[in-house]
Amino acid sequence: MLKSALLKAITVVSFVVALSGCDVKKEKFTTEGWDEGDGITFPKRAGMIDDLLATRKLKGLTYKQALGLLKYPQRNGVTEKNFEYEIIRKMDGIDTVYAKSLVLYLNQDSVVSDYKVPEKNNKEKLKLKFEKQKAEKK
């Protein structure tokens, strides 16, 4: 019983530490900085997203202008005309613990009509998954 409580505490602390790594240094948006990374992680995007949204008008950009500003996206919409830039992704093995991205939506003329910055926090869901797996092993 004590062992189980200790394991739960360690799991919760691990998730908190992983998410606390989301604290980022704020910096001015630059196309070069935004595009910097290895294709999987982009270390400057989290610090630049607020400045990008505050200083650049994304709505009204053509697809080509958006690519000139933000370079190539990580994902393109299959059913909708949109494209997505990953900002942060925290993983625990193969599971995504936390993700944040910038999604630009295009109208029929391929002009940005809207954008969103969705965040997905799977911390609690993964905690339940790990607890269930642990219980099944007993």
Pairs under 7 Å by beta carbon, first residue farther than 10 Å from Ile87 by Cβ and without any contact (Cβ under 8 Å) to a residue 40 or more places away in the chain in segment 24-53, partner among the hydroxyl-bearing types (Ser, Thr, Tyr) and not in a loop (DSSP other than H, G, I, E, B), six or more apart or different chains?
Phe29/Thr55
When you go through (1) farther than 23 Å from Lys25 by Cβ; (2) in contact with a helix residue (DSSP H, G or I) (Cβ under 7 Å, 6 or more places away or on another chain) one by one for Tyr85, which number turns out not to apply?
(1)
Of all residues in segment 103-113, how many are of a type outside the set (S, T, N, Q) and out of contact with any Leu (no Cβ under 8 Å at 6 or more places or on another chain)?
4
Of the criteria (1) closer than 25 Å to Lys44 by Cβ; (2) small (Gly, Ala, Ser); (3) at pLDDT 95 or above, which one Ser113 fails:
(1)
Only one of (1) in a loop (DSSP other than H, G, I, E, B); (2) among the basic types (Lys, Arg); (3) out of contact with any strand residue (DSSP E or B) (no Cβ under 9 Å at 6 or more places or on another chain) is not met by Lys132, so which one is it?
(1)
Looking only at segment 102-121, count every residue that is part of a strand (DSSP E or B), out of contact with any helix residue (DSSP H, G or I) (no Cβ under 9 Å at 6 or more places or on another chain) and under 20 Å from Lys57 (Cα atoms) and tell me the total.
5
Of the residues in segment 65-122, those that are within 12 Å of the chain's Cα centre (by Cα), over 20 Å from Trp34 (Cβ atoms) and among the hydrophobic types (A, V, I, L, M, F, W, C) come to Met91, Val97
Taking the conditions exactly as written (assigned to a strand (DSSP E or B) and of a type outside the set (Phe, Trp, Tyr)), does Val97 satisfy them or not?
yes
Please give the helices (runs of 4 or more DSSP H) falling wholly within segment 21-82 in which 2 or more residues are modelled with pLDDT of 95 or more and in contact with a Lys or Arg (Cβ under 6 Å, 6 or more places away or on another chain).
31-35, 45-55
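The values are calculated or read from the model by the stated rules, or taken from the named source; none is laboratory data. Worth saying up front: this structure is predicted, and the values here are computed from it rather than measured. So basically every Cβ, Gly included, is an ideal-geometry build from the backbone, and we count neighbours across all protein chains shown.
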